[in-house]
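Shown next, in structure tokens, is the structure this report addresses.
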């Protein structure tokens, strides 16, 4: 048995942008949990520390190389699925691979660890370790979260105890096996809502599902979220979201709003995002062909027939915004409504309708301060420094 487990973040976080600008890969949500939470549950351990980018210290519990000891096992922060036995039986000087990427390893000595975990460092490690291909899965692109989430929602629910602790109005219609339903304390499902339990539905604590809402499982709704007459299916919502309209097979990290009419499908939304009334995305091309995604200056084939958009934290859309298939909006973007938006909008950009202008970081921070205060969250000096750091690091994205 290992003395301790640590997560490490390799350069794969760059392929998960814009979702990883303001968090390590381990904090991405898929199914009922974040990647880190799922690992902690599977191993039966407490909060895992991570070896990651130093500038993320305000938002995560970083480990430091000087505190590492012999016998630790290091797990890739992008680890989505794995065999517990494979990890626990990992010997010193052994490494598990997932399609030739490093999924986990156990060094012979803590002096072998070098932060950050660059591609060059991991290549050197692979050459000196006894390696074996494993059953593990790593998240390689944002759309992997969408592809894997429905199955993980069902799997994760099997780890939880189905029960109803909140209030369900007698006029709520439930189709399916009620053993596939969890309703947390102080939550309310109001009259004339419909629950389809072909897949499990998990509703956290202090959630309000307003009348005439429809929720089709598998679906996870995090604590403090409000559903206002929405139609939700095969989706995962973190805490404190405000939801309405139609949302299908999507993931919200948390603290984001899509309260009004409009469709969102096969998309991943960061935190503190606000989608204006009528915002709608396409997730299927008219010719049913594979969807391509622009990531920076590169275009990548997703292998997906259905794929919507990826939005970084603190991005806002105006009323009537139309979003194309495979769109990428960075962090702190303002997107003009009433037209088809560009497929690629770099971080800290303001879509004027004609050109993309740089969003002044001081104004972005002040808006974040107002928005976050509405949910009782402060922009600390450390968090502001992180915002400003990411502004500088994404400068190259905005250069024409």
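Does residue 303 fit the bill of being within 18 Å of residue 265 (Cβ to Cβ) and within 22 Å of the chain's Cα centre (by Cα)? Can you show your working first?
Values: within 18 Å of residue 265 (Cβ to Cβ): yes; within 22 Å of the chain's Cα centre (by Cα): yes.
Yes, satisfied.
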Query raised in the report: Since residue 362 meets every condition but one in (1) closer than 13 Å to residue 332 by Cβ; (2) surrounded by 13 or more Cβ atoms within 10 Å (Cβ to Cβ), which condition does it not meet?
Result: (2)
Query raised in the report: Name the residues in the stretch 257-277 that are assigned to a loop (DSSP other than H, G, I, E, B) and either surrounded by fewer than 18 Cβ atoms within 10 Å (Cβ to Cβ) or touching a helix residue (DSSP H, G or I) at 6+ places or on another chain (Cβ under 8 Å) (or both), would you?
Result: 260, 261, 266, 267, 272, 277
Query - Within the stretch 159-168, tally of residues that are without any contact (Cβ under 8 Å) to a residue 24 or more places away in the chain and either buried (at least 20 other Cβ atoms within 10 Å of the Cβ) or more than 18 Å from residue 188 (Cβ to Cβ) (or both) - result: 2
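So which of 270, 265 is at pLDDT 95 or above, under 19 Å from the mean Cα position of the chain (by Cα) and closer than 28 Å to residue 393 by Cβ?
Values: 265 fails: closer than 28 Å to residue 393 by Cβ.
The match here is 270.
Does residue 297 count as within 27 Å of residue 153 (Cα to Cα), surrounded by fewer than 23 Cβ atoms within 10 Å (Cβ to Cβ) and free of Cβ contacts under 8 Å to residues at least 60 places away in the same chain?
Values: within 27 Å of residue 153 (Cα to Cα): no; surrounded by fewer than 23 Cβ atoms within 10 Å (Cβ to Cβ): yes; free of Cβ contacts under 8 Å to residues at least 60 places away in the same chain: yes.
Taking the combined requirement at face value, the residue does not satisfy it.
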Requested in this report: Give the residue that is modelled with the highest pLDDT, with candidates limited to residues of the stretch 115-143 that are out of contact with any helix residue (DSSP H, G or I) (no Cβ under 9 Å at 6 or more places or on another chain) and part of a helix (DSSP H, G or I).
Outcome: 143
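The values are calculated or read from the model by the stated rules, or taken from the named source; none is laboratory data. Computed from a prediction, not measured in an experiment: that's the story for all the values here. Here Cβ is always computed from backbone atoms with ideal geometry, including for glycine, and neighbour counts include all displayed protein chains.
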